[in-house]
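Read the structure below first, then the notes.
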């Protein structure tokens, strides 16, 4: 029994020793830290604050990292806590439980000199403040004393719970950060055409009358003012930054901004389209000198950056303009068509409240007159127009509408309805000239005034009746003109048909003309051929005549010589007569010696006469022959007629021998 008691006592003592040894040795895994709480100390407890910086009893500033640590049993308690991990691209917010209290104007704790959250002693000794911190944690793993600091991330809250009330406060703070999307960086894409408007929630307030904080600087070359686009809150405040909406905007990029310090609102960029300029009305800045001139008494124009209407407008493009610091009035620089027509409205919507001008004519008609006015605004004069009227819509409705309406009401009072209809072009020309000066007075350029057709009021048909009569009159005149033109058309149609008929017979006409030409050419050819044949015949005849003449002359000469030789021409004639007489007798077959001897007393059948004739002829010939033979041929006188004939024959022979033959005509052979 005693042995059992002894063994039990030894076991208890062993357990106590083992427990003591376990309490003396502390093992911390590498992925965790140990938060040391000192239970008792000879220096007593912490007088103020939470962290015991001088060895007092309480939570110690240092943490235990991974490994084995020897601590006095019963004096220290180690609270195991995880390492703080901030994922890539995300932020961690720090809340300090101990430190100097915040100033009345502070919202977040300044940690410019105490920016080391992993060393609590350094943080507190350098004046670190309690409460939510301005400095945020970026990506990485931190060994942070979770008794002094509470770290809030998107995934979890890192802390050593001390009280339920504090835990609820920390949870509400994390919800506010989540609502502001503060656990992620501010990303502005270039494709979205947005800018970030920053509102700072910490720092001194704006002076009276200021609506926006306009901090000058943020120059990387000037460390005193450079706050890296609100990513360094302490430098921002030290350089003179104040709480409230900021004039400086965020453009494309990624910004890691403490959302408890500043929130970011995304607004679209200011885009000035082609055909417009932007007149800037600035709500902030210094008061600048007036650039509008002494003659302009409708307001002041200032330089860029000053408060008021800027004298230089923004040209077409995209601008990162803070619309809380001013406004940009788009002024069209292309031609603006304003229509005084209720049923028609331009795309610019400037004339949506305009309607036809109601007139009272000289002859007491009340037509409504539709109008279109084309105006132009010089881009350099756009600030003057905005300073004078506020915007283009007010210009149209408060100035141009009453001015144009009054002008055409005056025009209508001095003209009848017929004159309004018939003299529209002249009225339009006069209106262009007279109204241009009025528009110039308002820094506008009048391009064109276009007048429509007057219309009757609802339910009034008098104007329509007049228009109907005018139309009928015009139709009658047009009919007269139409009939005249139809008459001309009929004449032209007849001419056309004649031309068509002539064209249809043109082939036959052409063939007949060609036949005439062919026959003419053939006649000419036959005529030329006949001429050639005649010439040929003439030449042959002349040649034959010449030959015959020569032969005849030769025979004549031979005969003459024979005659001379035989006793002259009488003898020759007698010889020829005898020759012919012999031929006749031979042809007639007459007997030279009569078959019947006729007596001298004559006969009944007349044979006596024939024989007597022959006998007489023979007697004459013989007597002539005897007389010719008895004469001397040398002494017988020549007959002058024979000599003359002989001379002509000789001359003809000489001319035929000396005269050349006739030259053939062209085409003759």
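The values are calculated or read from the model by the stated rules, or taken from the named source; none is laboratory data. All values reported here derive from a predicted model rather than from experimental measurement. Glycine also receives a Cβ, built like all others from the backbone with ideal geometry; neighbour counts cover every protein chain displayed.
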Response to the item:
Here the residues within the range 379-398 that are surrounded by fewer than 16 Cβ atoms within 10 Å (Cβ to Cβ) and either part of a helix (DSSP H, G or I) or at pLDDT 95 or above (or both) are 393, 394, 398
Worksheet entry | Test: residue 202 is surrounded by 14 or more Cβ atoms within 10 Å (Cβ to Cβ), touching a residue at least 24 places away in the same chain (Cβ under 8 Å) and in a helix (DSSP H, G or I) | no
Worksheet item: So is residue 220 over 18 Å from residue 264 (Cβ atoms), free of Cβ contacts under 8 Å to residues at least 24 places away in the same chain and within 53 Å of the chain's Cα centre (by Cα) or not?
Response: yes
Practice prompt. Go over the candidates 183, 149 one by one and state the one that is closer than 21 Å to residue 49 by Cα and crowded, with 20+ Cβ neighbours inside 10 Å.
Written response: 149
Worksheet item: If we scan the range 261-270, do we find a residue that is closer than 26 Å to residue 348 by Cβ, in a strand (DSSP E or B) and free of Cβ contacts under 8 Å to residues at least 60 places away in the same chain?
Response: yes
Worksheet item: What's the number of the condition residue 463 fails, among (1) in contact with a helix residue (DSSP H, G or I) (Cβ under 9 Å, 6 or more places away or on another chain); (2) closer than 27 Å to residue 351 by Cβ; (3) assigned to a helix (DSSP H, G or I); (4) in the same structural domain as residue 359 (by TED's automatic domain parsing)?
Response: (4)
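Only one residue in 476, 490, 543 is out of contact with any strand residue (DSSP E or B) (no Cβ under 9 Å at 6 or more places or on another chain) and modelled with pLDDT under 85. Which one?
The conditions single out 543.
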Practice prompt. Starting from residues that are within 60 Å of the chain's Cα centre (by Cα) and in contact (Cβ under 8 Å) with a residue 60 or more places away in the chain, keep the ones in the range 132-146 and report whichever is surrounded by the fewest Cβ atoms within 10 Å (Cβ to Cβ).
Written response: 138
Discussion item. Restricting to the range 367-378, and then to whatever is part of a strand (DSSP E or B) and over 28 Å from the mean Cα position of the chain (by Cα), can you tell me which residue is farthest from residue 316 (Cα to Cα)?
Written reply: 368
Discussion item. Let me spell it out: the conditions are (1) surrounded by fewer than 19 Cβ atoms within 10 Å (Cβ to Cβ); (2) closer than 30 Å to residue 381 by Cα; (3) in contact with a helix residue (DSSP H, G or I) (Cβ under 6 Å, 6 or more places away or on another chain), and residue 443 meets all of them except one. Which number is the exception?
Written reply: (1)
Worksheet, complete the sentence: Subset of the range 357-366, residues surrounded by 20 or more Cβ atoms within 10 Å (Cβ to Cβ) and outside any strand (DSSP E or B), comes to 359, 361, 365
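Results for (1) crowded, with 20+ Cβ neighbours inside 10 Å; (2) modelled with pLDDT under 95; (3) not assigned by TED's automatic domain parsing to the domain that holds residue 330, shown as yes or no for each residue.
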{"position": "241", "(1), (2), (3)": "yes, yes, yes"}
{"position": "245", "(1), (2), (3)": "no, yes, yes"}
{"position": "251", "(1), (2), (3)": "no, yes, yes"}
{"position": "275", "(1), (2), (3)": "no, yes, yes"}
{"position": "278", "(1), (2), (3)": "yes, no, yes"}
{"position": "289", "(1), (2), (3)": "no, yes, no"}
